[in-house]
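Everything on this sheet refers to the single structure shown next.
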Amino acid sequence: MVMKVYSPEFKADAVALYLSDPSHTFEGIGKDLGISRETLRNWVRAERARSGESGTTSTNTKDVPVSEATRQELEAGTAALRAELKTVRKENQKLGTVNFDGMSDDQEGIPGPRPD
């Protein structure tokens, strides 16, 4: 088996993507990026050791280096999801369904972009 070499930027972006959402799995992100789950797991372990983090999950990804292209892609994805959520809530309101989360249909309570 030939060992592939990945750039530090690719590794950092992969780790940041994994850490950006607690629901992400090594398997899922690895498959999306074309790397093995063990490779990604090793990169995440190394980053956690480097940053002094412990545990299996992290909600603070602010200090993980992410390329500008990845940041823009994540922000665009977030904006698209917010727009879709707003549309679905309006459709639900028209259908007479209930918002079980207690939030209004104008996206009140949906967190905005994180301050830097």
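Residues are listed down the side, and each one gets a yes or a no for (1) surrounded by 14 or more Cβ atoms within 10 Å (Cβ to Cβ); (2) in a helix (DSSP H, G or I):
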{"residue": "PHE10", "(1), (2)": "yes, yes"}
{"residue": "VAL15", "(1), (2)": "yes, yes"}
{"residue": "PRO22", "(1), (2)": "no, no"}
{"residue": "GLY30", "(1), (2)": "yes, yes"}
{"residue": "GLU38", "(1), (2)": "no, yes"}
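Is it the case, given these coordinates, that SER54 is modelled with pLDDT under 90 and in contact with a Leu (Cβ under 6 Å, 6 or more places away or on another chain)?
The answer is no for SER54.
Quick one: would you say GLY109 is of a type in the set (Gly, Ala, Ser), out of contact with any Leu (no Cβ under 6 Å at 6 or more places or on another chain) and modelled with pLDDT of 90 or more?
It is false that GLY109 is of a type in the set (Gly, Ala, Ser), out of contact with any Leu (no Cβ under 6 Å at 6 or more places or on another chain) and modelled with pLDDT of 90 or more.
THR97 - would you say it is surrounded by 11 or more Cβ atoms within 10 Å (Cβ to Cβ), at pLDDT below 90, among the β-branched types (Val, Ile, Thr) and not assigned by TED's automatic domain parsing to the domain that holds MET3?
When the stated conditions are applied, THR97 passes them.
The values are calculated or read from the model by the stated rules, or taken from the named source; none is laboratory data. In this text the structure is predicted, and so the values were computed from the model without any measurement. Counting neighbours? That spans all protein chains shown, and the Cβs are built from the backbone with ideal geometry, glycine included.
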